[in-house]
Every structure is written in C-alpha cells, then in structure tokens.
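Peer 1: Dropping a structure here in structure tokens format, bear with me for questions.
The values are calculated or read from the model by the stated rules, or taken from the named source; none is laboratory data. Just so it is clear, the model here is predicted, and its values are computed rather than measured. Please note: Cβ atoms are built from the backbone with ideal geometry, for glycine as well, and neighbour counts cover all protein chains shown. Note: accessible area is taken over every heavy atom of the protein model, side chains too, but ligands, DNA and RNA are not part of it. Shrake-Rupley method; radii C 1.70, N 1.55, O 1.52, S 1.80 Å.
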Amino acid sequence: MVAASVLSPPRVLSLQVRPTGTRVCVCTKTPVVGAKGQTEVLRPGDKRDQMCGMGHLAWVICLLTVSQLVRSSAAQGFIYTKDSCLDLVPRHRDTLKMDEKKEEPNHVKEPTDNTTTTTNTTTTKQRPPAAPEVTMYSGDVQVKVMTSEDNYRRLKTLVVTLQSASYFNGFMLQARKVSGNKEIVGRFMEVPHRAEYLTCPNGTENTVVHQDAPLRLSNLSFTWMAPETDLGPIEFVASVLLNSATQYKEFKSGQLKLSLYPVSTKECAVAKSCFRYCMKNGGHQCKAHMSRYMATLEYMDKKTKVKITIGGQLPESDGYLALGFSKDRHRLSDADINVCYRDDADTVGVEHYLLADINHPPDLHLGELKLDSSDVDGDYVWCSFVRPLTGQDNDLLNLKDPHYYFYFWGMRNASNIFMPSSNHIKSSGRMMSLKDDLFNQIAYSGSRSHRRVPYTIVAAAILLLGVHFLCW
C-alpha cells in the first residue's frame, strides 16, 4: 500500500469579535476534514468559491463600519427639539441625555437590640462633562424664506419655501408675530418628505423640523394656514443647521400683513350685520371664505352712514354680486341695488342701479357709489363701499325705513346687469331697518324640507301597496 500524502491545509479567514466590540480579521490554519474524517485537498474551484465568500464578507464588514461611522458622526451634531421652540437654538444630543437624576432614597437597615431601624440616605450621580455648545454660522451659505403671498388671509393657506443653492443639515420653521412677545402663530397643514410636525406653545402643529437623520436638504415647501384672528404683521423664521450640523443661523421672510378679505365672521351680530349663503361643503357654520355669497353692513358716523361689503364666488368674468333693498318682497318694486362686479381684466368695481320691478331690466342710479377697497382671491371677489342712510343726497333710498333685504348674483355686460330668476334671489324674510338689532343670517344650498325621500321608504310604500292590492 502506498501511504497517502498529506498536504498542508490552506489558510481560512475567520472573523473574531473582541469583547470591546472591535472587529479583527485573523488568519488561522484550519484543516478541511472530509466525510470519513480524512484530510482532503481543496480543488482550485473550491478555493475560488471560498475567496468569493471571503470577499462578500469583507464588503459587509466595510458597509457596517461606514454606517457606524456615519451614525457616530451624526450623533455628534445638534438637533431641534421642544427645548428649541422659543429660542430656535439647536441642542447637542449629549445635552439631552444629561438631565440630572432625581435623588432616590437608599434604605439601609441597621440592626439594634431586637429591633431594626431604617435610615434614609441619598445618592446623587455626578453629571457628565458638559456637551459642546452650538455656535453661530458665519459662512456664506444663504437660505431664502419665501412666501407665495405678500399678505395672509383669515383661515386661508399660503406656501412657504426654504430655498438654497447649497445643502443644509436640518431646520426649524415657524410663523411668528413681529411685535410683542413674538409668539408662534398659525398651523402647518402640509409638510414635505423628511420633515415632521412639532407642537410648540400657543398652538398645535405650529412648528416644522427635519427628521432625526443625517440628511442633506434644500428647496423645501410647506403649506401654512392662518387663524381667523388678526395677528398683526407676521414673519416666517427658519433656524437652519449648517457646517455638518455643528452650527446654525436664523433666516427670515419679509413681513406679511393681514388682508382685509375674507372678512371676519366673529363680528357678525356683534359689530355688524351679516348674511351668508353657504354651499354643502361649507358645513353648518361656514366661514366667509367658504360662502357662495356674503354681505355685511356696518353702521358708521353715529349711524348716518353704512359700510357695505359684498363678497363671494365669481369664477367667470363679467359676473356680479348684489345687495338690494325694497318694500316689495315679491316684485322688488323700486328696488335699490348695490353691485360689486368683476370684468374680463379682473378689474373690480361697484355700480348702483334702480329697479322698477322684477319684470324690467334695472337702470343705472343717479347716485354713484365709490369703491372703498376690493380684492380678488382666485374665484373670490370682494368689494367695500360707504353710502349714506338717508335719502337727502341724489334721492337715495332711506335705509332708516323698514325694507326687505335681497341677496343675489348674476351676469353683467358693459352697460347693464341681468337679473336672475326670482327663485334665485334670497330674501331677509322680514322687513328690517336701522332701528333693528344686528343680525347674522345664514342660508344653505339645501333644506331639510326639500330632501328627497329615501329609497328605502319608497320601496316599503310600494311593497305595502302591492300587498294591499293582492289581499283585496
């Protein structure tokens, strides 16, 4: 028998992990044992497969190491939390972990003569070294805070954009009052990917921050909604992390003032009289910006004048909104009609008409109306003007006398308006005068009394009738 020759076993790479967590690659001489316990020789193909496996393992180790280094680098930076709500200053991650531990009682039993007493001692853990403090960025990177509107409107949204030619590493964005304590105002309705809401004092979801991740960001847009109250001038303030999230700087938008329109509904029946015609999507108490039509009357100069504001949806050009007064509820005889119109060039104006009755076209009134202010907001148009209450000037209708109030809209050409059918004209329902209390009337596009009968009731009625005739 010929003795089998034994070859030296090849080197096989094995991975060891030290207790400290440091990965070490060690080459050891490990024999490859066959099925019968004999030492076998690796074929060239086996070596190639082994080397491929070792290469894949090396790639995995490299990726894990790089990922750990990235996370370690990110953990050394600063982030925005609720502690940053008021001063907009980011906090170091280590600072967030350095909350001082509360003193906890340590019960120690000391035996005495047949008795056991318990004494309380306290232990306080030492605070770790202070974390680094964030510094103000002084480089040349600029971040613009831009808004889609120059003014803000009650309960209306606008788009805020953070725009930069360079990348930044995080942000905190708020809308704030310019004066006073610069409180945080409004609410963010939509935020982009990699951003999240943060609720700071004086509101809900009134702040937006970046997600806690090592990110490079630029050109982000947000949707913000204003409250119904008048906030005075406001501005959007962004605190931005730069220089690998180790420094920060504040950037601000231009100041935005409150637009007069849409008008506030909180003053209805309190400081002025209001009428609203609400569509189905407006809800039970629809606001001004959700009304199909709205008219307000506000008395001025010791009730010698009235300020009239008319607003609503005018998606088409050459349309108008109108408020009329007449003592004839059905025929609108000798009606005084005040009109707010929109033309092809989106120009807004007011006109004054006199209507003989519903069956005749209206004529321009001798007493002209002067537009005080106006606004166009998409499909919505608003007009405000002031007129005297008495009929001393230009034979104006004396609004101190009781009249029915009429609210309607329609189409207009260059020289006249077209009256809608009588069933499209809303009425006050009773005669009113200056002596009456302020009112807040709301009409809806649907009425309970005009709802269709449910199909189940109709089917039940037909079934009962069928049974009745069969039994008969």
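Peer 1: Does the range 219-267 classify as rounded, prolate or oblate by the C-alpha gyration tensor (a ≥ b ≥ c root eigenvalues; a/c under 1.5 gives rounded; else a/b over b/c gives prolate, otherwise oblate)? Numbers along the way, then the final one.
Peer 2: Working: a/c = 3.79, a/b = 2.98, b/c = 1.27.
Taking the square roots of the gyration eigenvalues as a ≥ b ≥ c, the range 219-267 is prolate.
Peer 1: Same structure, new question: Tell me, what is the per residue accessible area of the range 316-388 in Å², probe radius 1.4 Å? Write out the running numbers ahead of the final one.
Peer 2: On the way: 3230 Å² over 73 residues.
Here the residues of the range 316-388 average 44 Å² of exposed surface.
Peer 1: Can you check what the net charge comes to around residue 165, using other residues whose Cβ is under 14 Å from the Cβ of residue 165 (Lys, Arg +1; Asp, Glu -1)? Don't skip to the answer; put the middle values down first.
Peer 2: Details: positive: 144, 216; negative: 140.
Surrounding charge for residue 165 is +1.
Peer 1: Under a 1.4 Å probe, what is the accessible area of the range 159-276 per residue, stated in Å²?
Peer 2: Working: 4990 Å² over 118 residues.
Spelled out: the 1.4 Å probe surface of the range 159-276, per residue, equals 42 Å².
Peer 1: For the range 377-437 and the range 211-278, compute the distance between their C-alpha centroids and round to whole Å.
Peer 2: 35
Peer 1: Residue separation times 0.36 nm, minus the C-alpha to C-alpha distance between residue 141 and residue 87: what's the value? It would help to have the intermediate numbers written out before the result.
Peer 2: Values: separation 54, 0.36 × 54 = 19.44 nm, distance 2.15 nm.
The span from residue 141 to residue 87 would gain 17.3 nm if fully extended.
Peer 1: Continuing with this model, one more query. List the pairs from 266/302; 144/272; 266/400; 257/305; 82/287 whose alpha-carbon separation is above 31 Å, in the order I gave them.
Peer 2: Working: 266/302 22 Å; 144/272 41 Å; 266/400 25 Å; 257/305 28 Å; 82/287 33 Å.
Pairs exceeding 31 Å: 144/272; 82/287.
Peer 1: Cβ under 9 Å from residue 277's Cβ, residue 277 left aside: what net charge do those residues give with Lys, Arg +1 and Asp, Glu -1? Show your work: numbers first, answer last.
Peer 2: Numbers: positive: 276, 292, 426; negative: none.
With Lys, Arg at +1 and Asp, Glu at -1, the net is +3.
Peer 1: Between residue 304 and residue 333, what is the spin-label point distance in nm, taking each point 7 Å from the Cα along the Cα→C-beta axis?
Peer 2: 3.3
Peer 1: Sum up the charges of everything whose Cβ sits under 12 Å from the Cβ of residue 188, counting Lys and Arg as +1 and Asp and Glu as -1, but leave residue 188 out. Numbers along the way, then the final one.
Peer 2: Details: positive: 187; negative: 190, 196, 205.
Computed value for this residue: -2.
Peer 1: Pop the C-beta distance of residue 431 and residue 199 into the FRET formula with R0 = 56 Å and round what comes out to the nearest 0.05.
Peer 2: Numbers: r = 51 Å, r/R0 = 0.90.
Approximately 0.65, to the nearest 0.05.
Peer 1: Take the alpha carbon gyration tensor of the range 290-331, find the square roots of its eigenvalues, order them as a ≥ b ≥ c, and report rounded if a/c is under 1.5; if not, report prolate when a/b exceeds b/c, else oblate.
Peer 2: On the way: a/c = 2.59, a/b = 1.38, b/c = 1.87.
In terms of gyration-tensor shape, oblate.
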